[in-house]
1. Tell me which residues, restricted to segment 135-191, are under 29 Å from Tyr205 (Cα atoms) and either away from ligand 3 (no atom under 16 Å from the Cβ) or of a type in the set (D, E, K, R) (or both).
2. Determine whether Pro293 is open to solvent by less than 20 Å² (accessible area, probe 1.4 Å) and not acidic (Asp, Glu).
3. Name the one entry in Glu227, Glu278, Glu223 that is open to solvent by 20 Å² or more (accessible area, probe 1.4 Å) and within 16 Å of ligand 2 (Cβ to nearest atom).
4. For a quick check of your reading of the model, give me the residue pairs whose first member lies in segment 190-210 and is touching a residue at least 60 places away in the same chain (Cβ under 8 Å), whose second is among the small types (Gly, Ala, Ser) and open to solvent by 10 Å² or more (accessible area, probe 1.4 Å), with beta-carbon atoms closer than 7 Å and at least 6 apart or on different chains.
5. Take segment 52-92 and flag every residue that is assigned to a strand (DSSP E or B), over 16 Å from Thr247 (Cα atoms) and open to solvent by less than 30 Å² (accessible area, probe 1.4 Å).
6. Note down all Cβ pairs under 6 Å where the first residue falls in segment 139-156 and is open to solvent by 10 Å² or more (accessible area, probe 1.4 Å), the second is more than 9 Å from ligand 2 (Cβ to nearest atom) and not in a strand (DSSP E or B), and they're at least six residues apart or on different chains.
7. Pull up segment 167-214, narrow it to residues that are within 16 Å of ligand 1 (Cβ to nearest atom) and either open to solvent by 20 Å² or more (accessible area, probe 1.4 Å) or among the aromatic types (Phe, Trp, Tyr) (or both), then point me to the one that is nearest to Val88 (Cα to Cα).
Amino acid sequence: MRAAAILTILAAALLLPVIPAQAFDDNALLIEIPAMDKYERSAIADLGLDIVQVLDESVLVLGRDYDLALLQDLGYTVFAQPLPQLDVAVDPAYRYFDGMVAVLNTLADAHPDVMLLSSIGQSWESRELWTIKLSDNPDQDESASEPGLSFVGQHHAREHISLEVPLGFLEYMGDTYDYLYSTTNLVQTHEIWVTPMLNPDGVVYDISGGSYHYWRKNRRDNEGSYEGVDLNRNYGYMWGGSGSSGTMSSDTYRGPSAFSEPESAAYRDLIVDNPSIEIIVSFHNFSKLVIWPWGYTYSAMPEPDHTNHVTLGTQYASYTGYTPQQSSDLYITSGDTCDWAYGDQGRICFTVELDPVQFGGDFYLPGSQIPEVQAKNLNGMLYLIWQSDDPGKSGDLPYGMQGVARSWSEYNAGMIR
Ligand code: 0X9
Ligand code: CA
Ligand code: ZN
């Protein structure tokens, strides 16, 4: 057993003062638990623990003192440290909820011919779940001739880069629509729904008071001292199974019933109401992975769907340097977005786990890295739009359709060919 990663990871953090957080987690811990394979990892996930990183011979989970006590009772030899960064000031480079609303309104005002802003529902605390439909004639149903896609971000509150990627995609498409033929063409021949933030309440909570709180779930009132449901355990395919928790205090609490949460129910309705949506991407972070169903079982999905997911997921991964694999290769979960989207709806669905690759004492990715993560995922998203015409076709995105800048900063500097 080698469980030393946490010592390296936290060496720098230990120098920081640990300031008790009022809102969440003055007893929050980063716990390293030995786990040699997916079966041992699934056993840990099945305890309702939230695995944030898979290492070669261990996993890291975010937990609290009672999780540590449970693990010790069960005979695990664990290393635990207080979470770093509880006192870190909120990074102004991220847009969060208010910034996102401003950007979406600016885009919809500037591009009314191809961007229709609407809400697909409301959160538990009545925030709108803003969505832009990106297409020509966006107020008309052209699904008979235009394949559809859905990009959704930030199911998990503390995963702020998972907002910036779909939001940056919209900014890129808006900026280039009028003069770049490839953008014009993709927008005119597809219907693309972008919901950059599915969990606004959690996001607002995570940044409340000006510092981060490691909040993951939504803000359902559980009528106790522990709020929230894990939206990525609340979808209604194999809901309630392994790798989710029935305990309200768990970070993977699945909720009282499938689709009990207004946020996941609203996203379900978007997909069900638009059967032309061929391909779905749900953005999360971190680990740099492109993963596909199943999550609830180690079995592969049936053909040809499995091969199609492998083809598309592997190509997406090639633009980003991420690792493509089946979700359950990590560990078993149930009730996530893609198991439902594929299992119940037959759609192609990927969870993209964005940067960073590992927990480095900075769960919250520095804002300076946003442009690079946006830029490399842009080509993956463009590729999937191109794929939606004939999912599974072989080949790379034609060169002329690739993003026009090699990096977001080049793009921002106007270095467009
Ligand atoms: O646990 C999740 O919901 C996702 N990871 S995250 O760190 N963003 O929370 C995806 C988990 C992948 N699914 C399975 N391992 N089955
Ligand atoms: Ca259209
Ligand atoms: Zn996540």
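The values are calculated or read from the model by the stated rules, or taken from the named source; none is laboratory data. Computed from a prediction, not measured in an experiment: that's the story for all the values here. We place every Cβ from the backbone using ideal geometry, glycine too, and count neighbours over all the protein chains shown. Keep in mind that these areas ignore ligands, DNA and RNA; they rest on the heavy atoms of the full protein, side chains included. Shrake-Rupley method; radii C 1.70, N 1.55, O 1.52, S 1.80 Å.
1. Ser150, Arg158, Glu159, Glu164, Leu167, Gly168, Phe169, Leu170, Glu171, Tyr172
2. yes
3. None of the others qualify; the one that does is Glu278.
4. Between residues of segment 190-210 that are touching a residue at least 60 places away in the same chain (Cβ under 8 Å) and residues that are among the small types (Gly, Ala, Ser) and open to solvent by 10 Å² or more (accessible area, probe 1.4 Å), the close pairs are Glu191/Ser143; Glu191/Ser276; Ser208/Ala23; Gly209/Ala23; Gly210/Ala89.
5. Val52, Gln53, Ser58, Val59, Leu60, Val61
6. Ser143/Ser276; Pro147/Ser388; Pro147/Asp389
7. In this case the residue turns out to be Tyr212.
Matching residues to (1) assigned to a loop (DSSP other than H, G, I, E, B); (2) at pLDDT below 95; (3) closer than 30 Å to Gly246 by Cβ:
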| site | (1), (2), (3) |
| --- | --- |
| Tyr342 | no, no, yes |
| Pro356 | yes, yes, no |
| Phe359 | yes, yes, yes |
| Leu365 | yes, yes, no |
